[in-house]
Amino acid sequence: MAASVGVALLGTGFMGKAHSNAFRQVSRFFPGKLEPRMRVICGTNEAKARAAAEQYGWEEADNEWRRVIGRKDIDIVDICTPNHLHAEQVVAAAAAGKHIICEKPLAASLAEARMAADAVDRAGVKHMLMFNYRRVPAVARARQMIEFGRLGRIYHYRGVYLQDGLVDPLRPLSWRMQKQFAGSGALGDIGSHAVDLALWLNGEIESVSGMLTTFIKERPSGGATAEVTVDDDAHFLARFRNGSTGVFSASRFCTGRRNANTFDIYGSGGSLRFDLERLNELEWYDRTEPAVDRGFRTIPILERDHPYVAAWWPVGHALGWEHTFTNAIHDFLACLEQDRMPEPNFHDGVKVQAILDAVQASSQSGTWQAV
Ligand code: SOE
């Protein structure tokens, strides 16, 4: 019989919902030696926390995160709060000896991210950062193809994450548009995903040249207007350690692009393209084929041998966005079971944060910035 591990989730918003769903599903599809017990969900608004507990299937609700972290029946703390709270909550959870999952980005600044990484190192607990797009089967397959050397030498990497959620200038201000809570705008919220995938698929970035823009500088807020203090739109060039070049874009102002997270990787042996809006597919150009047969083709990532697929439905039955979180929670539990450190962990989070900081500094100074 599986041993139960007590879980507390901090945050009742969109990510709280996504992570809750993953904890509910994980043992149904990936039976393992550890089974999460969804003990308590925590949010500052008591009524919302109670409603979330009821709707998402948590045993209890609380509105005081320090009390939750201190509970003896909690083994894992999952942090889905606004970015500025992450570091403080990580430090407290690590001091209490809990294993920790944290939504991306790790923190609102590089200093805070380092503080979080130091705290988990000191405590010797396991930690994972929720960069869920590594757990899209097609993305995990892309990584295998790169590891097998199918792309040869990589020349060029293009990571682009576009949304259109802020195009309406009357959309009210939220924490995601305020530097003190979010750290940055499109750059940290969705650009961080593009950066994490790039580091995973193509290795370290050495230097960047960035351009950040805020199109709508004031937004409605509580009957008045208030200043937007983060970027709406972020672009940067990058040099990778392996000699390849990178082009990155993250924007919340690309009308019609609802949630378009894509990458293109061009190598001497072949090229890959992924698009989250068609997440069960990979486009692949194989340069080792005779020239007369070459051309991009679409590989459906729906076979038993593709990463994660066998755990779900029979071959050919498509997966969706929510499965990425369940795949990630499964990987985390497997690491606890096998006493391994999960990936991406908070050290990966510090690397991403260093790049976000360098892009911001470069945009301000107008010069290239070493990472
Ligand atoms: C922003 O709209 C957002 O919800 C991000 O915060 C998530 O990380 C991304 O996966 C989807 O878009």
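Laboratory data are not the source of any read-out in this text; all were calculated from the coordinates shown. The structure presented is a predicted model; accordingly, all values stated were derived computationally and were not measured. Quick reminder, even Gly has a Cβ in these numbers, built from the backbone with ideal geometry, and neighbours come from all protein chains shown.
Nearest 0.05, what FRET efficiency do Asn63 and Met341 give at R0 = 30 Å with Cβ-Cβ as r?
0.40
Place +1 on the Cβ of every Lys and Arg and -1 on the Cβ of every Asp and Glu in the chain, take the dipole about the Cα centre, and give the residue among Ala198, Ala334, His347 whose Cα lies farthest towards its positive end.
Ala334
Find how much the distance from Glu277 to Ser207 grows on full extension, using 0.36 nm per residue of separation minus their present alpha carbon separation; answer in nm with one decimal. Please report the intermediate quantities before stating the final value.
Numbers: separation 70, 0.36 × 70 = 25.20 nm, distance 2.97 nm.
Result: 22.2 nm gained on full extension.
For the chain, what is the calculated [θ] at 222 nm in deg cm²/dmol (nearest 500), taking -39500 (n - 2.57) for each run of four or more DSSP H residues and dividing by its residue count?
That comes out to -10500 deg cm²/dmol.
With +1 on the Cβ of every Lys and Arg and -1 on the Cβ of every Asp and Glu, and nothing else charged, how large is the dipole of the chain about its Cα centre, in debye rounded to the nearest 20?
160
Can you tell me the convex hull volume per residue for the range 207-356, based on C-alpha atoms, in Å³ to the nearest whole number?
214
Where the centroid of each part is defined by its Cα atoms, how far is the range 43-115 from the range 1-38 in Å?
One Cα centre to the other: 14 Å.
Just to confirm a number: summing +1 for Lys and Arg and -1 for Asp and Glu over residues other than Ala318 whose beta-carbon lies under 15 angstrom from that of Ala318, what do you get?
On the way: positive: Arg141, Arg278, Arg304; negative: Asp275, Glu277, Glu281, Glu303, Glu322.
Cβ neighbours under 15 Å give a net charge of -2.
If each of Phe14 and Ala224 carries a label point 7 Å out from its Cα toward its Cβ, how far apart are those two points in nm?
2.8
Starting from the Cα gyration tensor of the chain, take the square roots of the eigenvalues, sort them a ≥ b ≥ c, and report rounded, prolate or oblate (rounded when a/c is under 1.5, otherwise prolate if a/b is larger than b/c, else oblate).
It comes out oblate by the Cα gyration axes.
Fewest first, what order do Asp331, Asp357 take by the number of other Cβ atoms within 10 Å?
Listing Asp331, Asp357 from fewest to most nearby Cβ atoms yields Asp331, Asp357.
Quick one: Cα centre-to-centre distance for the range 173-230 and the range 357-371, in angstrom?
A separation of 14 Å, based on Cα centres.
Counting only the backbone N, which residues of the range 204-242 are under 18 Å from the spot 7 Å out from the Cα of Gln180 toward its beta-carbon?
Once the point is set 7 Å along Cα→Cβ of Gln180, 218-231 turn out to lie under 18 Å by backbone N, inside the range 204-242.
Would you order Ser271, Ser184 from fewest to most other beta-carbon atoms within 10 Å of each residue's own beta-carbon?
Ser271, Ser184
How far is it, in nm, from the label point at Asn45 to the one at Trp313 when both lie 7 Å from their Cα along the line to the Cβ?
Simple spin-label model gives 3.4 nm for this pair.
HN-Hα J couplings of the range 339-345 from phi, Karplus 6.51/-1.76/1.60, θ = phi - 60°, integer Hz, Gly and Pro as x?
Once θ is set to phi - 60°, the couplings for the range 339-345 become 6, 10, 7, x, 9, x, 10 Hz.
In the chain, how many lysine pairs have Cα atoms under 21 Å apart, counting only pairs 8 or more places apart or on different chains?
Counting lysine pairs in the chain gives 14.
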